[in-house]
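What follows is a set of notes on a single structure, which appears directly below.
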Amino acid sequence: MAAPAEGPPAPDTEIGPVDLAARVDEALNVQAAAFGLSQDEIDVRRHIVLRHLEHPRARALGATTPDGRLVGFVYGLPNDRTQWWSTVVEPCLRASGTDGWLDDSFVITELHVHPDHQQRGIGRTLITTITDAVDHPRSILSAIDRDSPARALYRSLGYRDLARQVVFPSAPLPYAVMGASLPLLRPGRMDFRPPAPPG
């Protein structure tokens, strides 16, 4: 994941639409390097990613090098309260009075940049580009609930904690659910938007 103080993406990296279903194994190799996945976890996630990408409104972007290597990717889809992720986080959001964020939101499902290409602005460009193209007023995501470059990046873009210590089945660490009004903040730009309503 890219660090929050990064600048524009490296000039030798192109950000654009990608057929992530066709390149799922490349994407999972990036995720494994960035997130530390075992082969068993990769195998499980492969089926999950392919199922997500069948959604008619799923969007995916990739970061590729001049020789065509995929070094980063993001994908997401409109939230649906019947989706597994939403059913897990809904009780936690309801307890904090923020479950309204599950409606009319675009979920960032995965965002990963290969460690060799982090801190070059790739993560920031991927997430801002994908959310700029959607017609939802806000975005939600989940991230491991600890201080990290990923959490710092999300905060710098306007995401705030909606619920913390959310436990997903079989996940070894708790997560935080974060939400942001769209469009996402940009560095050096004042935010004059009214705060999002609670829930």
* To do: Among the candidates F106, F35, single out the residue that is of a type in the set (F, W, Y), open to solvent by less than 10 Å² (accessible area, probe 1.4 Å) and more than 16 Å from A21 (Cα to Cα).
  => F106
* Filter the stretch 38-54 down to residues that are surrounded by 16 or more Cβ atoms within 10 Å (Cβ to Cβ) and modelled with pLDDT of 95 or more, then give me how many there are. => 3
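Which one is nearest to A58 (Cα to Cα) among residues in the stretch 151-170 that are assigned to a helix (DSSP H, G or I) and open to solvent by less than 20 Å² (accessible area, probe 1.4 Å)?
Residues of the stretch 151-170 assigned to a helix (DSSP H, G or I): 151-156.
Next, only the ones that are open to solvent by less than 20 Å² (accessible area, probe 1.4 Å) stay: 151, 153-154.
On the way: R151: 23, L153: 23, Y154: 21 Å.
Looking at the filtered set, the residue picked out is Y154.
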* Asked: Given L28, L70, L77, which one is open to solvent by less than 20 Å² (accessible area, probe 1.4 Å) and within 27 Å of T98 (Cβ to Cβ)?
  -> L77
* To do: Given the conditions (1) in a loop (DSSP other than H, G, I, E, B); (2) within 22 Å of D99 (Cβ to Cβ), report the number of the one that D147 does not fulfil.
  => (2)
* **Which listed residue is under 20 Å from H117 (Cβ atoms), touching a Lys or Arg at 6+ places or on another chain (Cβ under 8 Å) and not charged (D, E, K, R), from L28, L61, L77** => L28
* Answer residue from the stretch 142-191, given it is of a type in the set (S, T, N, Q) and touching a strand residue (DSSP E or B) at 6+ places or on another chain (Cβ under 9 Å) and is farthest from I130 (Cα to Cα) among those -> Q165
* In the stretch 152-181, the residues that are of a type in the set (G, A, S) and in contact with a Gly (Cβ under 6 Å, 6 or more places away or on another chain) -> A180
* To do: Considering (1) at pLDDT below 95; (2) loosely packed, with under 15 Cβ neighbours inside 10 Å; (3) under 17 Å from F73 (Cβ atoms); (4) not hydrophobic (A, V, I, L, M, F, W, C), say which one R120 fails and leave the rest.
  => (2)
* Asked: Does at least one position in the stretch 119-129 carry a residue that is in contact (Cβ under 8 Å) with a residue 24 or more places away in the chain, closer than 18 Å to A163 by Cα, in a helix (DSSP H, G or I) and not aliphatic (A, V, I, L, M)?
  -> no
* Do we have any residue at all in the stretch 56-75 that's in contact with a Ser or Thr (Cβ under 6 Å, 6 or more places away or on another chain) and either within 18 Å of W85 (Cβ to Cβ) or modelled with pLDDT under 95 (or both)? -> yes
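The values are calculated or read from the model by the stated rules, or taken from the named source; none is laboratory data. As the structure is a computational prediction, the values presented were derived from the model and not from experiment. Please note: Cβ atoms are built from the backbone with ideal geometry, for glycine as well, and neighbour counts cover all protein chains shown. Side chains included, ligands, DNA and RNA excluded: accessible areas come from the protein's heavy atoms. Shrake-Rupley method; radii C 1.70, N 1.55, O 1.52, S 1.80 Å.
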